[in-house]
Amino acid sequence: MLGGERVCDETTIVAAELGDPGAVAFERALAEERRLNVRRLGLLRFVAVSAFFALFLLLGGALRIAYWQAPIPVFAGYWVVVGLSAWIARRVERPTTYAALTVPLVDMPALFLVFSSFFTRETTPVGPAAFAAAFYVFLVIPVALISFDDRIILFTAVVGGAFETLLLRQTGAPGGTIVSSVLLMGTTAAFCSYASRRRPSAARIATRPSPSRCRSCRAPSSITPPSIRRWAHAVSRARRVTCAATSASVRHGATGRWPARRRARACRTRG
């Protein structure tokens, strides 16, 4: 409306004094995003491991190729553990940041055992060892999507670099190759850490106030990516709900306790 209608009232001040409801909503949206990532990545992980396991069974079991027979027992146990993890992930409502630790504590040791089993029949074992580096680098990505924690990302990169170093040392690879693999893991961890920080930051930026709205009435931009827009809507909705919940106390005299200057700063006028 014209004539200087206020977009919000003094309830904004009460909500601000009680704490930022957007921060609580943001943490809830982050937990929901983590829950979805754990479930979806757990399913993708199970499908990928099942595909490789089927390849091993075909070549080593059905076709009786000796080169592919050695890793089958190890891969069978790994496949069972991954299946159980995917089943548990579907039933856990609020997974924590530490759910990402299954990658450095389960996947990376299992891959080390699988690739080590090739060395007994491989004339040039440096090939499988170098191929393992791609898997270790790849496994840092889902850790970043689940944890959003630099410490866990760094820990995963350190574990992957250690296992890759052990594999290369078993093959007698030169020192330059080993150092290159370690640098590759460190670079991957740095990029994943940056990406994991930018996504929550983008959600916060998407809820910045526009000039015609008060600080608590924030709305995400229409050009914001869908996943970040979902977080931003949760933050904005929580602020509005908190303002509405405190309006009764303001109408019963709470407004008088707040100086007029603070009320003027909290609420903007339109028109």
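Data for the structure
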| read-out | value |
| --- | --- |
| Qualifying positions in the range 49-60 - without any contact (Cβ under 8 Å) to a residue 12 or more places away in the chain and surrounded by 13 or more Cβ atoms within 10 Å (Cβ to Cβ) | 59 |
| Condition check for residue 130: crowded, with 22+ Cβ neighbours inside 10 Å, in the same structural domain as residue 39 (by TED's automatic domain parsing) and of a type outside the set (Val, Ile, Thr) | no |
| Selection status of residue 32, surrounded by fewer than 17 Cβ atoms within 10 Å (Cβ to Cβ), at pLDDT below 95 and assigned to a helix (DSSP H, G or I) | yes |
| Index of the failed condition, residue 157 passing every other in (1) surrounded by fewer than 23 Cβ atoms within 10 Å (Cβ to Cβ); (2) touching a helix residue (DSSP H, G or I) at 6+ places or on another chain (Cβ under 8 Å) | (1) |
| Boolean, residue 150 is at pLDDT below 95 and either assigned by TED's automatic domain parsing to the domain that holds residue 42 or more than 19 Å from residue 48 (Cα to Cα) (or both) | yes |
| Residue that is farthest from residue 116 (Cα to Cα) [pool: residues in the range 191-215 that are surrounded by 15 or more Cβ atoms within 10 Å (Cβ to Cβ) and modelled with pLDDT of 90 or more] | 193 |
| Which listed residue is of a type in the set (Gly, Ala, Ser) and farther than 23 Å from residue 36 by Cα, from 50, 116 | 116 |
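The values are calculated or read from the model by the stated rules, or taken from the named source; none is laboratory data. In this text the structure is predicted, and so the values were computed from the model without any measurement. For neighbour counting, all protein chains shown are included, and Cβ atoms are generated from backbone atoms with ideal geometry for every residue, glycine included.
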